[in-house]
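Q: Have a look at this one.
The values are calculated or read from the model by the stated rules, or taken from the named source; none is laboratory data. Computed from a prediction, not measured in an experiment: that's the story for all the values here. Using ideal geometry, Cβ is built from the backbone for each residue, glycine included, and neighbour counts are taken over all protein chains shown. Accessible surface areas use protein heavy atoms only, side chains included; no ligands, DNA or RNA. Shrake-Rupley method; radii C 1.70, N 1.55, O 1.52, S 1.80 Å.
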Amino acid sequence: MTGSICITTTGKRFNHRSNTKGIYMNSLIYCYSGTGNSLWTARTIAGKLGDAEVVPMTGTGEGPVPGGADSVGLVFPVHIWGVPRRVRQFIDTLASAKPGYVFAVAVNAGQVSNTLVQLEKLLKARGIALAAGFSVVMPSNYIPWGGPGTVEACAARYESAGKRIEAIADTVSERRTMPVEKGPLWQRIVFTWAYNMSFKRVPDMDKSFWTDEKCNSCGICAKVCPAGNIALDGGRPAWLHRCEQCLACIQWCPREAIQFGKKTPAYPRYHHPAVTLKDMTG
């Protein structure tokens, strides 16, 4: 196994491990990750495939993504039971690459809902067929609703996710086509409604972030934010209202000084144990 760093046009990068030697390989796996669940999933799939490279998923305005890959994967977290804004922006740049085989992995805490069906429709509108879409369940990182669960529960989810990834890698390596995975009908109705109602409000949800007296102005929150949504104002983080609700800032703060609403001071922080801050910031 070798270690490598893949750099985007903005300089944002993920450290990852795979046995590839260059970016223009048989598979490119584009990843969006805030607390490491999706990054771990993406590079574990890459390791199983053996001919894949993990690349950070960037937003619009940076030109088309490179072509030359036999297959393209999209690995991302489910946000409010749907496709994150960043992923929606990214696929606008994907059509020019003309990927022949596209697969997706929606990382979630147990409710994939209609996310992959929604993604399939978004891709189809851009002339791209989604060959397969998979759900991978990981510990929850949505701290406003509590912590990720017990150590034992997290370990069980990691083990189960590893087995799922084995099956996903087999499907992708054989370039098989299959229906996307989805939640029960009631989820797809109720949660899709909730997603549609809240989508336009997400950028302003950062109004609920605040810092307590433990903040030492280290600036890690600003460095780890994939949306560039945090600036230091007088040494304290200030949110700029283009939030994506990935919660990287609150989860990676080394002093647990960032809070969201009233309840998070009592909740444990979480990021994937195999992913480091350096992986997320370069």
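Q: Over the chain, what percent of the accessible surface lies on carbon and sulfur atoms, probe 1.4 Å?
A: 55
Q: Let me ask another. Give the ranking of V137, V105 by solvent-accessible surface, highest area first, calculated with a 1.4 Å probe.
A: So, going from the largest accessible area down, we get V137, V105.
Q: Another one. Under 29 Å between alpha carbons: how many lysine pairs meet that in region 176-282, if sequence neighbours fewer than 8 apart on the same chain are excluded?
A: Lysine pair count for region 176-282: 16.
Q: According to the square roots a ≥ b ≥ c of the eigenvalues of the Cα gyration tensor, what is the shape class of region 40-148, taking rounded for a/c under 1.5, prolate for a/b larger than b/c otherwise, and oblate for the remainder? Let's see the in-between values first.
A: Details: a/c = 1.78, a/b = 1.43, b/c = 1.24.
Because a/c hits 1.5 or more and a/b exceeds b/c, region 40-148 counts as prolate.
Q: How many percent of the alpha carbon pairs in the chain exceed a separation of 24 Å?
A: 48
Q: What is the distance, in nm, between label points placed 7 Å from the Cα along the Cα-to-Cβ direction at S96 and at E152?
A: With each label placed 7 Å out from Cα toward Cβ, I get 5.3 nm.
Q: Here's another thing I want to ask about it. Taking N as the number of residues in region 121-229, what value does Rg over Cα atoms divided by 2.2 N^0.38 Å take? It would help to have the intermediate numbers written out before the result.
A: Numbers: Rg = 18.7 Å, N = 109, 2.2 N^0.38 = 13.1 Å.
So the Cα radius of gyration is 1.43 times the expected 2.2 N^0.38 Å.
Q: Multiply the residue separation of E166 and D51 by 0.36 nm, subtract the distance between their alpha-carbon atoms, and state the gained length in nm to one decimal.
A: Contour length minus Cα-Cα distance gives 39.9 nm.
Q: How would you order 244-252, 230-238, 215-223 from highest to lowest mean count of nearby Cβ atoms within 10 Å?
A: 244-252, 215-223, 230-238
Q: Using +1 at the C-beta of Lys and Arg and -1 at the C-beta of Asp and Glu, which of P139, C221, G127 has the Cα lying farthest in the positive direction of the dipole of the chain?
A: Ranked along the dipole, the leading option is G127.
Q: About the Cα centre of the chain, what is the dipole size in debye to 20, counting +1 per Lys and Arg Cβ and -1 per Asp and Glu Cβ, all else neutral? Before the final figure, lay out the partial values.
A: Working: 32 positive and 20 negative charges, 73 e Å.
It works out to roughly 360 debye.
Q: Distances over 24 Å make up what percent of all Cα-Cα pairs in region 152-282?
A: Values: 4197 of 8515 pairs.
Roughly 49 percent, once rounded to a whole number.
Q: Counting heavy atoms of the protein chains only and a 1.4 Å probe, report the per residue accessible area for the chain as a whole number of Å².
A: 45
Q: Hey, rough spin-label estimate for D233 and M197, points 7 angstrom out along Cα→Cβ, what's it come to in nanometres?
A: Those two pseudo-labels are separated by 3.0 nm.
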